[in-house]
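Just so you know, all these numbers are worked out from the coordinates, no wet-lab data involved. Remember, it's a predicted structure, so these values are computed and weren't measured experimentally. Backbone-built Cβ (ideal geometry, glycine too); neighbour counts: all protein chains shown.
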Amino acid sequence: MKPRVAFFDFASCEGCQLSVANLEESLVDVLKLIDIVAFREVMKEHSDQYDIAIVEGSITRPMDEERLKKIRANANILIALGACAHLGGVQRMANQWTPEENKKEVYGIANPADIADSNRFFEKPRQKALDEVVKVDYTIPGCPINKEEFAKVLIALLTGRKPPIPDYPVCVECKKKENVCMFTIGKFCMGPLARAGCGAPCPTAGNECEACRGYVDHPHEKAQTDVLEKYGLTVDDIMRRKTMFTYRYVEKPKDGA
Amino acid sequence: MKILMKEDFKAFVNALIGDPSLDTVGVKAKGQKFVFDSLDSADELRLDYDVTILPPKKYFLPQYETIVEFDMSQPFSAKRPEYPRKRVIIGVHPYDIAAIRQMDSYFLDTDITEAYLRRRKNTLIIGSDVITVSPTAFFGDMKTGEVKSGYDLFITDLGDRVSFEVGTEEGERLLRHAANLKDSTPVDLQKRKAKRNSANGKAMRGLMAKPNVWHDLLEKNFESIVWKNQSDKCLACGTCTLVCPTCFCYDINDEINLTLKSGERVRTWDGCLLRQFTVISTGEVFREDIVDRYRHRFHRKGRYLPDRLGFVACVGCGRCSSQCVPDIADPVKMMNMLFESSEHVIAEDGDRDAHSVSIDAKNFDLEGTISLHMPKPATIIRAEKVTEKEMFFEIEMDDHKPLGHQPGQFVEVSLFGSGEAPISVSSPPGGNTFELVVRKAGDLTNKLHLMKAGDKVGIRGPFGKGFDAEALKKKNLLFIAGGLGIVPMRSLFNHVLNNRPDYGEVTVLYGCKEPCEMLFKDEVAAWGQRKDITHLLTVDKCPDGECWEGDIGVVGKLIPKVKFDPKHTIVILVGPPVFYKFVIRDLKKLEVPDENIIVSLERRMKCGVGKCGHCQMSGVYVCKDGPVFNYKEIKDNKEAFK
């Protein structure tokens, strides 16, 4: 029997699921291998009977945690899809301020009662990655994910192998593509710390890597900071660069709760 | 020397581009840098380039290359891929030609890489003099600004005209595409000489340590603080190795298509600066610290490859230093730094340099060369689970021939879709089948554990240097096995038992973590019945509920409990990486001479033939020079027992 797969999303743009939908003709092959029972990007049917849950988005409020825990309980395998699920996404930058400061900034203070914690939709918003709430079996990183890598992970799972997410930096794939190094044209690239697997599309298109896939397992961060300083960036600049997708690595708890 | 005026030269290049039998590549601009790429028109060709981002090695050892195509719907179905049409590369600088000649020596050494040879034979090289010198180039210092061979044609841009030198008959035949070829004049020769002299002069960056002293310089400064100081700035991004024309290490992975029925075994560039380069399936990392990886790269260039193949593996192209973001990859700076800080007298190594190659690709014939990475089909005869984690397999090659192994050798076991893993042969030599014991540790071994009699596997090998059973004859033998070490050791031990009268006293000490992990329980029980061997067993711990009559503690603790003559006994040690340091220390307390200790080491062995680079332990390839070593030969190897 084909494994039943369900897609879910939390705080995110759903761009990663869109990337899956964009597999297009390959999607036909994929559908020969799995039964998709929930995927609101492409279908309206929904079932809670599934083996594999593929979850996009960051976890924001207690109600999201509850929902994720239910998904976890229903699934044999849970896969975090994309940077929001993997790291908390760009929205995690909000964790630099307390929930109250954020609410005040975003919603103003006209009717404080409407956005108080007692309203469960506004309860203690804090961005978390999935693995800070439940056990995550596999992660497909990236903003958005690389659809070829998605297919590779699926193939690995279906053939009983470890998903082949690389543990070397983007520089490796960038060099293999023979790109002009971003540093040589005065751009400040996170490639030396960032996990490869994307195929270095950003430097290939002339843009610096922002480490949307997170860091390799053993990044040499000190050396990267030295390098960026050498190229004229201040510590503040560097920290700003490092908080874009990878605030998780430098976050100091500031719950304000 | 022949001459073509510029317009005629362009017509020549366009004629090559228009020849449907050829894939014509040359140097083109990419942003403000240059790359080798397919040419659409002679106007794209930039003979004034300084250096390309990647060297032309990508045409002989591509970044990604399918080496086996497999069909998983069949029990065992594999074929070699088709290779592309003939290629001509225009504009290869002399230093890159020197590097290609080094590559020839590397891949056409004892085990010929068929895919490499095929590409090499299928590629014509049109060399070109350097017109613009890259600021980081130091081919003047390395004397690689000129080559006498290694090209089919060699051209020099002389302004309004291009000079041609013929290197091979095949190169000369390319000139059929050239119209209005005329003889050169003495003025042309003079102009070319001036261009060369100028380029070579500009490519001198003040390298104080000449290539022929690099070996000694590196050897004497292995522990220098310079390595740590520099590597503290290293991002370990792998760039220096990827852009290097003399870095050849590669990885191999299986990729399965979305049909789940077929796939490809793909060889990709790898690099020793990357952490995962030395990680093995059980999790050990043999070069964890960046300083070790950083140092390894320089030592491989200046010491290990010179020792193995004769040449200094640096051609002075300057790519590493121009592309290293923290600017710590420059060989000129590194060698000068070592040279200046060196208090020792540095010995010269004859006239060794980047040109010291002994192999010429021209002398090799594709006929009869075998594909190094193509496994042979074999059938599982017997599969038995022996512990929670280990399974025993008896395997027969499908050609029904014996494996022909020595005790202590290993094979690469292959399952299409899951890759390959090095597995020690556990049975003694002889017989039409051989035995393996496989621990569940990764994708491939997990899959193997699901297999049963009648299933097919791929086998490459046997590989490496095993135990010399002949040389051990008449000697007293003390075997010490830790954990899985019993598996390779058994190939020798059972050979000794089968030929017991040929050997002196035989003692075996075997330790594992817990009683349930003990392997070959029936055979171990039979040891007790024999009067001609002594044996002791130990476990690290015996959990409640398990039964154990032997010792408790690490295997080294058994050594004082057996009688043996330390001076006249050969000790054979096989165990996990941590085991050696302790057991060897215990043996040295008893004054066992170094040469009487034999070890079998573990590293990440991927290709099995000393090409992919992963198992390298300083200059030693564990897959080829080992895994069995005499301790005396290996004890000073800085990476052996680290």
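Over chain A, dividing the summed -39,500 (n - 2.57) contributions of all DSSP H runs of at least 4 residues by the number of residues returns a 222 nm mean residue ellipticity of -9500 deg cm²/dmol.
Between the stretch B:470-506 and the stretch B:13-34, what's the alpha-carbon centroid distance in Å? Cα centres, the stretch B:470-506 to the stretch B:13-34: 61 Å. Evaluating kT/(6 pi eta Rh) at 4 °C and 1.567 mPa s, with the Kirkwood radius of the stretch B:2-202 over Cα pairs in the Stokes-Einstein relation, gives 72 µm² s⁻¹. From the Kirkwood radius over Cα pairs of chain B, Stokes-Einstein at 25 °C and 0.890 mPa s returns a whole-number translational diffusion coefficient of 90 µm²/s. Residues in the stretch B:481-486 carry Karplus couplings, in order, of 10, x, x, 5, x, 4 Hz; the curve used is 6.51 cos²θ - 1.76 cosθ + 1.60 with θ = phi - 60°, and Gly or Pro positions show x. If I take R0 = 35 Å and measure r between the Cβ atoms of B:Thr268 and B:Asp160 in this structure, what FRET efficiency does the formula 1/(1 + (r/R0)^6) give, to the nearest 0.05? Efficiency, from the Cβ-Cβ distance: 0.20. Please work out the Cα center distance from the stretch B:350-391 to the stretch B:261-316, rounded to the nearest Å. Centre-to-centre (Cα) distance: 17 Å. Helix B:186-202 and the long axis of chain B differ in direction by around 50°, with both axes built from C-alpha atoms. Could you tell me whether chain A comes out rounded, prolate or oblate from its Cα gyration tensor? Rule is a ≥ b ≥ c as square roots of the eigenvalues, rounded for a/c under 1.5, then prolate if a/b exceeds b/c, otherwise oblate. Cα axes put chain A in the oblate bin. Think of each Lys and Arg Cβ as +1 and each Asp and Glu Cβ as -1; about the Cα centre, that makes the dipole of the protein assembly as shown roughly 760 debye.
Between the residues B:Gly350, B:Gly404, B:Ala361, the greatest Cα displacement towards the positive end of the dipole of the stretch B:334-425, with unit charges on the Cβ of Lys, Arg, Asp and Glu, is found for B:Gly404. Pairs of Cα atoms nearer than 8 Å and 6+ residues apart set the relative contact order; for the stretch B:376-463 it is 38 percent. For the stretch B:376-463, the equivalent ellipsoid derived from the Cα gyration tensor has semi-axes of 18, 14, 13 Å, listed largest first. How much of the DSSP beta bridge set in the protein assembly as shown is antiparallel, as a percent to the nearest 5? So the antiparallel bridges in the protein assembly as shown amount to around 55 percent. So if the hydrodynamic radius of the stretch A:24-126 is defined as the Kirkwood radius over C-alpha pairs, what does Stokes-Einstein give as its diffusion coefficient at 4 °C and 1.567 mPa s, in µm² per second? For these conditions, the coefficient is 80 µm²/s. Counting only GluC sites (Glu not before Pro) that DSSP places in a loop and that have at most 11 other Cβ atoms within 10 Å, the longest clean stretch of chain A runs over A:46-257.
Shown is the FRET efficiency for B:Asp544 and A:Glu132, computed with R0 = 41 Å from the Cβ-Cβ distance and rounded to the nearest 0.05: 0.65.
Rounded to the nearest Hz, the phi-derived 3J(HN,Hα) couplings of the stretch B:519-524 under the Karplus curve 6.51 cos²θ - 1.76 cosθ + 1.60 (θ = phi - 60°) are 9, 6, 4, 5, 5, 4, where x marks glycine and proline. Which of rounded, prolate or oblate describes the stretch B:90-207 when judged by the alpha-carbon gyration tensor and an a/c cut-off of 1.5? The shape class here is oblate.
Spacing of the modelled spin labels on A:Glu25 and B:Met451, each 7 Å from Cα toward Cβ, amounts to 3.5 nm. For the residue pairs A:Lys175/B:Lys33; A:Lys230/B:Lys233; A:Lys175/B:Lys57; B:Lys474/B:Lys563; B:Lys440/B:Lys638, alpha carbon separations beyond 21 Å are given by B:Lys440/B:Lys638. Taking the convex hull of the alpha carbon positions in the stretch B:476-600 and averaging its projected area over all directions gives 7.3 nm². Any chance you could give the angle, 0 to 90 degrees and rounded to 10, that helix B:94-107 forms with the longest Cα principal axis of chain B? The answer is roughly 30 degrees.
Structural descriptor for chain B: relative contact order 13 percent, calculated from alpha carbon pairs under 8 angstrom and at least 6 residues apart. Beta bridges assigned by DSSP with both partners in the stretch B:485-642 are antiparallel in approximately 30 percent of cases.
Here is how the number arises for chain B: DSSP H runs of 4 or more residues each give -39500 (n - 2.57), the sum is divided by the residue count, and the result at 222 nm is -7000 deg cm²/dmol. Taking amide hydrogens as placed 1.01 Å from N in the peptide plane, the amide H of A:Ala211 sits under 5 Å from those of A:Met190, each at least 5 positions away in sequence or on another chain. For A:Ala11, the residues 5 or more places off, or on other chains, whose built amide H falls under 5 Å of its own are A:Ser58, A:Thr60. The region of chain A that goes longest without hitting one of the trypsin sites (Lys or Arg not before Pro) in a DSSP loop, each with at most 10 other Cβ atoms within 10 Å, is A:136-257. Please give the helix B:577-589 orientation as an angle from the longest Cα principal axis of chain B, in degrees from 0 to 90, rounded to the nearest 10. Approximately 60 degrees, to the nearest ten. The loop-placed GluC sites (Glu not before Pro) in the stretch B:406-469, going by DSSP, include none that has at most 13 neighbouring Cβ atoms within 10 Å of its Cβ.
Close amide-amide hydrogen proximity is noted between B:Asp398 and B:Ala378, B:Thr379, each under 5 Å apart and 5 or more residues distant or on a separate chain (H modeled in the peptide plane; Pro and chain starts excluded). Charged side chains reduced to their Cβ positions (Lys and Arg at +1, Asp and Glu at -1) give the stretch A:13-170 a dipole of some 320 debye around its Cα centre. Averaged over its residues, how many other protein chain Cβ atoms are within 10 Å of peptide B:440-446's Cβ atoms? Partner-chain Cβ atoms within 10 Å, mean over residues of B:440-446: 2. For a 4.7 Å threshold on C-beta separation, the list of partnerless cysteines in chain A reads A:Cys13, A:Cys16, A:Cys84, A:Cys174, A:Cys181, A:Cys189, A:Cys198, A:Cys202, A:Cys209. Just in the stretch B:479-522: which trypsin sites (Lys or Arg not before Pro) are loop by DSSP and have at most 15 other Cβ atoms within 10 Å? Those that pass, being in a loop and sparsely packed, are B:Lys513. A DSSP coil position with no more than 14 other Cβ atoms inside 10 Å describes the following trypsin sites (Lys or Arg not before Pro) in the stretch B:132-195: B:Lys148. On a per residue basis, the convex hull of the C-alpha atoms belonging to the stretch B:211-363 measures out at 157 Å³. Out of all DSSP beta bridges in chain B, what portion is antiparallel? Express it as a percent rounded to 5. Close to 65 percent.
Inter-chain Cβ neighbour count for B:229-237, averaged per residue, equals 6 (cutoff 10 Å, partner chain atoms only). Rounded to the nearest Hz, the phi-derived 3J(HN,Hα) couplings of the stretch A:62-75 under the Karplus curve 6.51 cos²θ - 1.76 cosθ + 1.60 (θ = phi - 60°) are x, 5, 6, 4, 4, 5, 5, 5, 5, 4, 4, 5, 7, 9, where x marks glycine and proline. If a/c stays under 1.5 just call it rounded; otherwise compare a/b with b/c (prolate if a/b is bigger, oblate if not). Do that for the protein assembly as shown, with a ≥ b ≥ c from the square roots of the Cα gyration tensor eigenvalues. Oblate, because a/c is 1.5 or more while a/b does not exceed b/c.
Extent along the principal axes, Cα only, for the stretch B:296-424: 62, 44, 31 Å, with the longest axis given first.
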